[in-house]
1. Measuring from the lowest to the highest alpha carbon on each principal axis, how far does the range A:97-143 reach, largest first, in angstroms?
2. Return the loop-located trypsin sites (Lys or Arg not before Pro) in the range B:32-82 (DSSP other than H, G, I, E, B) with at most 13 other Cβ atoms within 10 Å of their own Cβ; answer none if there are none.
3. Using the 7 Å Cα-to-Cβ label point, sort the distances from A:I102 to its equivalents in the other copies shortest first and give them in nm to one decimal.
4. Note the distances from A:R14 to each other copy's matching label point, with points 7 Å along the Cα-to-beta-carbon direction, in nm, sorted shortest first.
5. From the convex hull of the Cα coordinates of the range B:1-70, what is the mean projected area in square nanometres?
6. For the range B:1-62 and the range B:68-93, what is the separation of their Cα centres, given in Å?
7. Could you tell me how many cubic angstrom of Cα convex hull volume the protein assembly as shown has per residue?
8. Can you list the copy-to-copy distances for B:H90, using a point 7 angstrom from Cα toward Cβ, in nanometres, shortest first?
Number of protein chains: 2
Amino acid sequence: MSNQISFQSAIKSRNLRMTNQRRQVLRVLEESDEHLDAEAIYDLVRKQNPRISLATVYRTLALFKELGLVNEHKLGEDHSHFETAQEEPHYHFTCLSCRKIIEFSAPEIEETLLPRIAKQGLEINEVHLIISGYCADCQANLIEGKKQCSSPRPIHNQN
Amino acid sequence: MSNQISFQSAIKSRNLRMTNQRRQVLRVLEESDEHLDAEAIYDLVRKQNPRISLATVYRTLALFKELGLVNEHKLGEDHSHFETAQEEPHYHFTCLSCRKIIEFSAPEIEETLLPRIAKQGLEINEVHLIISGYCADCQANLIEGKKQCSSPRPIHNQN
DNA sequence: TTGATAATGCGAATTATTATCAATAAGAAA
DNA sequence: TTTCTTATTGATAATAATTCGCATTATCAA
Ligand SMILES: [Mn+2]
Ligand SMILES: [Mn+2]
Ligand SMILES: [Zn+2]
Ligand SMILES: [Zn+2]
């Protein structure tokens, strides 16, 4: 089922309204293959709708998370990143130098770990696995003393 | 090797100084079997040293993290929790109702997942696995409509 | 003991996110 | 269509965790 469809059905169930802002935030998330943070989403939506408020972006993301359309990830930085809910479960590696995010799957988690946890009587809602370290590029660059990755993604808050 | 010992040797290497505040923070962390946040550590140290500053607690925790004496965990709340570095790797389940933290081991991570990641050319520094959901107690309580766990731990910031 | 300077305490600053609230707009009903 | 109810928005203030700046203090090597 596509995200638009489950959004529509969610709207019908609760007394929600379909607004331009919600459509725009959802579109930006769907058209991006990256893990965007609120500020990045805000900037992208503003290209189409310069009047949108950052507060609306945050409210919309919180709503989408509740509806299960979007997942929030705390990847070790001081702010969250968002992506549309995916079919297959996956996890995240983040490079401490260039902040690149690499997704990976881990079937041993779904197949053996989670069942074992559930058997302990715990009800599982979310599973977040974050591995941090250095990507191949940054390892090479750091070794040759550059102390900078080839493609560093700037830290958000120093601006 | 005990934490005090590696603290001593770390102090010798860099030009660090052994202060009462550092001793006190380390002792509080070692004497607790919980995952304390900065505020809780602050409160515990203040019992012995009412003059310590919260900023010093944060600075000390950052230092201990650098030295590998202490690990920081973001468990889904808006602040960090800390524990002394453990021998065996372990991961964390957090109850969304009572905020209880349950540790668990996952040898499939160290034995098969991490080697697979490393083979991709990624250098691994930290591994954080957080599973959130409802503990057995809270499941029971929530079913009988109490909407409250038997032993809820208050959220920090509503005070 | 003394001197250099690492570390502290205090308060201000920062940053991500949330709350307030008057103004707006979605959409059901008339 | 027009009207009406109220969910949603935009603008901005408030919050909360953490960090910074700096004068003062304490550590420790000489
Ligand atoms: Mn992802
Ligand atoms: Mn632990
Ligand atoms: Zn990198
Ligand atoms: Zn619980």
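The values are calculated or read from the model by the stated rules, or taken from the named source; none is laboratory data. Being a predicted model, the structure only gives us computed values, none of them experimental. Backbone-built Cβ (ideal geometry, glycine too); neighbour counts: all protein chains shown. Please note that ligands, DNA and RNA were not included when accessible areas were found on the heavy atoms of the full protein model with its side chains. Shrake-Rupley method; radii C 1.70, N 1.55, O 1.52, S 1.80 Å.
1. 46, 16, 14
2. Passing sites in the range B:32-82 are B:R51.
3. 3.3
4. 4.6
5. Values: hull surface 18.0 nm².
Averaging across all directions leaves 4.5 nm² for the Cα convex hull.
6. Comparing the Cα centres of the range B:1-62 and the range B:68-93, I get a distance of 15 Å.
7. Given the Cα convex hull of the protein assembly as shown, per-residue volume reads 191 Å³.
8. Sorted ascending, the copy-to-copy spacings read 3.2 nm.
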